[in-house]
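I have placed the structure first, in the form of structure tokens, so that the comments after it can refer back to it.
Values quoted throughout were computed directly from the atomic coordinates according to the rules given, and no laboratory measurement underlies them. Quick caveat: nothing in here was measured; it's all calculated off a predicted structure. Neighbour counts run over all protein chains shown; Cβ positions are idealised from the backbone, glycine included.
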Amino acid sequence: MVKPVDDQGRSLVDEERQPIMKPKYEFHTLRHAAASGWIAQRIDLKRLQVWMGHESIQLTLDTYGHLLADQERDSELALEASRDLFG
């Protein structure tokens, strides 16, 4: 938990002068972290779609597609293409 502050850096308080506490991480931050971890573990994307409650696989890919890059595999494919083209 964190204590939010006003523009002057003073802690916000309630009517009883108790500090107002706010969670450090919001629900969607934790949700995104979970999905990112599952992608790193190479979970099936259709399963991820269901777990995340997305209406379509396209929404899942639009949201998390940037995490799917596989630079090692991309390098392998480029090398194979180079060999095919140039012998």
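Okay, here's what the table says:
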read-out: Looking only at segment 43-87, and only at residues there that are under 15 Å from the mean Cα position of the chain (by Cα), assigned to a helix (DSSP H, G or I) and of a type in the set (Val, Ile, Thr), the one that is farthest from His28 (Cα to Cα); value: Thr60
read-out: Residue match in segment 2-21 (condition: under 14 Å from the mean Cα position of the chain (by Cα) and either surrounded by fewer than 10 Cβ atoms within 10 Å (Cβ to Cβ) or touching a residue at least 12 places away in the same chain (Cβ under 8 Å) (or both)); value: no
